[in-house]
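Asks: Here it is, the structure, as structure tokens.
Read the figures in this text as sums done on the coordinates, not as results from a lab. Since the model is a prediction, treat every value here as computed from it, not as a measurement. Positions of Cβ are backbone-derived with ideal geometry, glycine not excepted, and every protein chain shown enters the neighbour counts.
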Amino acid sequence: MGKSLAYKILGNHLVEGELKAGNEITIKIDQTLTQDSTGTMVYLQLEAMEVDSIKTELSVAYIDHNTLQTGFENADDHAFIKSVAKRHGVVFSKPGNGICHQLQLENFGIPGKTLLGSDSHTPTGGGIGMIAIGAGGLDVAVAMAKGTYSLTVPKVINVHLTGQLKPWVSAKDVILYVLQQLTVKGGVGKIVEYTGEGVKNLTVPDRATITNMGAELGATTSVFPSDENTKKFLASQGREQDFVPMEADKDAVYDEVLEVNLSELVPFAAKPHSPDNVDSVENIGQIKIDQVAIGSCTNSSYTDLMKVAAILKGKKVHEDVSLVISPGSSKILSKLSKNGALADIIDAGARVIENACGPCIGMGQSPKSGAVSLRTFNRNFKGRSGTKDAQVYLVSPETAAISAINGYLTDGRTSGETLPVIDPYEDFKFNDSFFVYPGDANKSNTDVEMGPNIKPFPRNIALPQEVKGKVVLKAGNNITTDDIMPSDSRLLPYRSNIPHLSNYCFELIDSEFPARCRENGGGVIVGGENYGQGSSREHAALVPLYLGIKFVLAKSFARIHRSNLINSGIIPLVFKDPADYDKISLLDELVIEDAPAQVKNEVIKVRNLTTGEEYEALPNLQDLETSMIEAGGKINMMKGN
């Protein structure tokens, strides 16, 4: 029986356990990445572990989220991250260098390696043939300290590609189609692996777009083979020596197969307010638009922006449209400026902003009230743009650019325009002006810079005999980490200040939640399906921990958020009978008796002291996860050991 590429790479990095779906394994981690929204906590946690040196081959700290410096807070965080990076031998990427995933792909990604990142879109690295996994910050800190990461072995979905994309249809349309077919829950507990003759017709930037948005499927990661296209991409970046050919065995066996004929795809858009709410641009129709935003880690590559420049050249952005463009890296922006494409973009009336995440995370460029905004980003959750009543559609760069000119959502196939062929593998001159390498710095000769906004992260206590609390929130399906802990220009500067953030927890869902927690000494959260989808930010667990949340009882969990809850010592429980969800009301008092014994069971009994009812809940904990819950979190467990 042949092996999938995913299992080959996992097998090559196996440290402990049996590589079989559902088993708990530990793998060696070659590389890590952090970004500044999550990075401050990562490095606070790394310092708390009191490690002398990191164990990875390469770790990089990027500054790409909190780049608006309207006060001292963001700059202080950057200085802290830089000092700890230097102290521990971590490469530091300065603000303005670009978006972490684009930069990692360009400068450091190596086929066959493993990458763990404190950002949910770390699977972008799968476009170059890596097993790249998004995780909570503490998991990344531990990977840096120990060089390993533990996970439950996922199943593998084979997306088998045939055919070739037609003009005005792009990689973004491929992943939107996959999301339409599989939904935002379809990848949970799975790796998505792309195979077939159609693979060779997709460039590495195309593949990176597709693996990037695999995060929206809930997948552990996504991966493409490493082939001649991969070799050409690495050569264009001056890194041909890093090429390693890798592919699945011809007789590889998969758990599921999805057939996709690239030749049959059309331009798609994800309608508000979910990445899987997908329909064709043709079916949606010519809706009037107010804003277009092109960029993000999904669609800010050189080829993406060269296509945009070609569409805009000699034309004018519609008078009712604000077009904003954020390149993915300093190398890309430099090349656009030298070849004249940047002038074409500016002359058309586009606003060019810093090489950063920017509007994708609500950091500036919020649309006007009730606006329709077309974005080449990866998420369109309600309010994520910074405007609660905005209608955000996710589209390809080509669809975005032609729509910006016309003033309405446009299927480019009807435009009469011919798209130029862009060489995706033009040579890029290596530029390390934005990178700071640690050199001979270490703990003995490097001090940590810590500004007044940086507060200690909360720590839990060992699991008590009785875990009890009132239901302080009853939430619906598909609650996102944006819902739990909003991420926008108001709050991002306080990512290192959990006490301040606690005042805004669940403000989009229930603004009384923080006060209710304080009145009741913490409590319990009840949730629906796919609780905690979206970003990897562990603040969505740390802030509830600070507010005293004891456990979360939901119909199902998103992978990374579930791990973050466990890392914080908060018990994630799944209703054995989903109908029990309807039997629980706000402020009902729930209790788990004999908790240390019960968390080791397959089924936990949860009693409702208010109604007298009893519910069965599934902890689904692996042995290591049980140890973390018992200790009151991952750091407590590590210190205890």
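Asks: In 5 Å bins starting at zero, report the fraction of Cα pairs in region 467-640 per bin as a rounded %.
Replies: Here the calculated profile for region 467-640 is 2, 9, 18, 23, 22, 16, 7, 3, 0.
Asks: Excluding same-chain residues fewer than 8 positions from Lys634, which aspartates and glutamates have a Cα within less than 12 Å of its Cα?
Replies: Cα-Cα hits under 12 Å: Asp139, Glu625.
Asks: For region 23-172, which semi-axes, largest first and in whole Å, follow from the square roots of 5 times the eigenvalues of its Cα gyration tensor?
Replies: Calculated on Cα positions only, the semi-axes equal 28, 21, 12 Å.
Asks: In region 44-85, whose amide N lies under 16 Å from the spot 7 Å out along Cα-to-Cβ of Thr26? List them in ranges.
Replies: Inside the label zone: 55-56.
Asks: Mean residue ellipticity at 222 nm from the helices of the chain, using -39,500 (n - 2.57) per DSSP H segment of n ≥ 4 over the full residue count, to the nearest 500 deg cm²/dmol?
Replies: That calculation yields -8000 deg cm²/dmol at 222 nm.
Asks: Applying the Karplus parametrisation 6.51 cos²θ - 1.76 cosθ + 1.60 with θ = phi - 60° to the phi angles of region 184-200, what ³J(HN,Hα) value in whole Hz is obtained for each residue in order, glycine and proline being reported as x?
Replies: 6, 9, x, x, 4, x, 9, 10, 9, 10, 9, 9, x, 4, x, 4, 5
Asks: Something else now. Looking at the square roots a ≥ b ≥ c of the eigenvalues of the Cα gyration tensor of region 479-540, which shape do they give, rounded for a/c under 1.5, prolate if a/b is larger than b/c, or oblate?
Replies: Here region 479-540 falls in the oblate category.
Asks: Quick check on region 268-411: take the gyration tensor over C-alpha atoms, sort the square-rooted eigenvalues as a ≥ b ≥ c, and tell me if it's rounded (a/c under 1.5), prolate or oblate.
Replies: Cα axes put region 268-411 in the prolate bin.
Asks: Then there's this: Got a sec? Charge dipole of the chain, +1 on Cβ for Lys and Arg, -1 for Asp and Glu; which of Pro123, Leu609, Leu305 is way out at the positive end?
Replies: Ranked along the dipole, the leading option is Leu305.
Asks: Please report the orientation-averaged projected area of the chain, defined via the convex hull of its C-alpha atoms, in nm².
Replies: Averaged projected hull area, Cα only: 26.2 nm².
Asks: Please state the charge dipole magnitude for region 447-575, taken about the Cα centre, from unit charges on C-beta atoms (+1 on K and R, -1 on D and E), reported in debye and rounded to the nearest 20.
Replies: Working: 14 positive and 12 negative charges, 73 e Å.
Dipole about the Cα centre, nearest 20: 360 debye.
Asks: If the only charges are +1 at each Lys and Arg Cβ and -1 at each Asp and Glu Cβ, what is the size of the charge dipole of the chain around the Cα centre, to the nearest 20 debye?
Replies: 740 debye
Asks: Can you list which of the trypsin sites (Lys or Arg not before Pro) found in region 464-560 are DSSP loop residues with at most 13 other C-beta atoms within 10 Å?
Replies: Details: sites: Lys468, Lys470, Lys474, Arg490, Arg495, Arg516, Arg518, Arg537, Lys550, Lys555, Arg559; in loops: Arg490, Arg495, Arg537, Lys555.
Answer in residue order: Arg490.
Asks: Taking 0.36 nm per residue of sequence separation and subtracting the Cα-Cα distance, how much length would be gained by fully extending the chain between Thr418 and Ala515, in nm to one decimal?
Replies: 29.2 nm
Asks: Report, in whole Å, the centroid distance computed from the Cα atoms of region 142-213 and region 323-401.
Replies: 23 Å
Asks: Students often forget the sequence filter, so: which lysines lie under 16 Å Cα-Cα from Lys316 once same-chain residues fewer than 8 apart are removed?
Replies: Lys307
Asks: Further question on the same structure: Leaving out same-chain residues fewer than 8 places away, which aspartates and glutamates sit with a Cα under 12 Å from that of Lys271?
Replies: Asp279
Asks: Any idea which of Tyr504, Ile133, Leu176 is furthest toward the positive side of the dipole for the chain, if Lys and Arg beta-carbons carry +1 and Asp and Glu beta-carbons -1?
Replies: My answer, from the dipole projection, is Tyr504.
Asks: So what are the ³J(HN,Hα) numbers for region 291-305, from phi and the Karplus equation (6.51, -1.76, 1.60; θ = phi - 60°), rounded to whole Hz, Gly and Pro as x?
Replies: 9, 10, 10, 10, x, 6, 5, 7, 9, 10, 6, 4, 5, 4, 6
Asks: Let me ask something additional. From the residues Ser326, Ile402, Ile345, which one has its Cα farthest along the dipole of region 268-411 in the positive direction, the dipole being from +1 and -1 charges on Cβ of Lys/Arg and Asp/Glu about the Cα centre?
Replies: Selected residue: Ser326.
Asks: Only Lys, Arg, Asp and Glu count, each charged at its Cβ (+1, +1, -1, -1), so figure out the dipole size of region 268-411 about its Cα centre, rounded to 20 debye. Don't skip to the answer; put the middle values down first.
Replies: Numbers: 16 positive and 13 negative charges, 76 e Å.
The calculated dipole for region 268-411 is roughly 360 debye.
Asks: Right, something else. Based on the Cβ-Cβ distance of Phe72 and Ile346, what FRET efficiency does E = 1/(1 + (r/R0)^6) give at R0 = 35 Å, to the nearest 0.05?
Replies: Working from the Cβ atoms, E equals 0.65.
Asks: How would you classify region 5-264 from its alpha-carbon gyration tensor, with a ≥ b ≥ c the square roots of the eigenvalues: rounded for a/c under 1.5, else prolate if a/b is greater than b/c, otherwise oblate?
Replies: Note, shape of region 5-264 comes out prolate.
Asks: While we're looking at this one, here's another question. What is the gain in length, in nm to one decimal, between Ser433 and Met1 on full extension, counting 0.36 nm per residue of separation less the C-alpha to C-alpha distance?
Replies: 150.7 nm
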